[in-house]
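Chemist: Structure in structure tokens, see below.
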Amino acid sequence: MTIAIGTRFTGGVIVCADSKVVASDGATTDQSKVSLSLTATKRIFGIADAAEDGNAAKMLAGDIMNAVCDSQSPYKLAPDVTSVMASW
């Protein structure tokens with residue numbers, strides 16, 4: 001189970017999540033589940049990942065981050081995220 005919390009804070013946001021990552025073979029490690037990306041236009045995106053395969057979740061979160069950061073339509077991100085999710 002992953003627990004992630006995000007909230008607005010003065011001048012920004014706070015995003016936090018637990019750190020137990022479970023691989024598909026059952027092995028566990030402690031790693032950050034929060035990814036942050038900054039676009040060239042100074043927009044920041046954050047994702048807290050969770051899945052039965054923690055390493056796959058990190059890869060998918062990275063692909064989603066790349067898609068939203070490279071988006072030509074910054075206020076309509078759903079098509080870019082949908083494209084990444086469909087390929088997965």
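Chemist: To the nearest 10 degrees, how steeply does helix 54-69 sit against the main Cα axis of the chain, on a 0 to 90 scale?
Modeler: Approximately 0 degrees, to the nearest ten.
Chemist: Related question: On a 0 to 90° scale, report how tilted helix 78-87 is relative to the longest principal axis of the chain, with both axes built from alpha carbons and the result rounded to the nearest 10.
Modeler: Its long axis makes an angle of about 40 degrees.
Chemist: So if each residue of separation counts as 0.36 nm, and I subtract the Cα-Cα distance between Val81 and Thr28, what length gain in nm does that give? It would help to have the intermediate numbers written out before the result.
Modeler: Values: separation 53, 0.36 × 53 = 19.08 nm, distance 2.80 nm.
Length gained between Val81 and Thr28: 16.3 nm.
Chemist: Relative contact order of segment 4-87, please, whole-number percent, based on alpha carbon pairs below 8 angstrom and at least 6 residues apart. Don't skip to the end; give the middle numbers.
Modeler: Working: 113 pairs, mean separation 16.6, N = 84.
Contact order relative to length: 20 percent.
Chemist: Distances longer than 16 Å among the Cα atoms of the chain: what percent of all pairs is that? Mind showing how you got there, number by number?
Modeler: Values: 2220 of 3828 pairs.
The share of Cα pairs beyond 16 Å in the chain comes to 58 percent.
Chemist: Further question: Which FRET efficiency value, to the nearest 0.05, is calculated for Thr2 and Gln72 with the Förster distance at 35 angstrom and r the Cβ-Cβ distance? Before the final figure, lay out the partial values.
Modeler: On the way: r = 31 Å, r/R0 = 0.89.
Calculated value: 0.65.
Chemist: Considering only lysines 8 or more places apart in sequence, or on different chains, count the pairs in the chain whose C-alpha atoms sit under 17 Å apart.
Modeler: On the way: Lys20/Lys33; Lys20/Lys58; Lys33/Lys58; Lys42/Lys76.
Lysine pairs meeting both conditions in the chain amount to 4.
Chemist: Note down the net charge around Lys33, summing +1 for each Lys or Arg and -1 for each Asp or Glu among other residues with Cβ under 9 Å from its Cβ. Write down the numbers at each step before the final one.
Modeler: Details: positive: Lys20, Lys58; negative: Asp18, Asp49.
Counting the neighbours of Lys33, the net charge comes to 0.
Chemist: While we're on this one: Once a ≥ b ≥ c are taken as the square roots of the eigenvalues of the Cα gyration tensor of segment 37-77, is the result rounded (a/c under 1.5), prolate (a/b larger than b/c) or oblate (a/b not larger than b/c)?
Modeler: prolate
Values in this text are rule-based calculations from the coordinates and carry no lab data. Because the structure is predicted, anything quoted here is derived from the model rather than measured. A quick note on method: Cβ atoms are made from the backbone with ideal geometry, for glycine too, and the neighbour counts reach across all protein chains shown.
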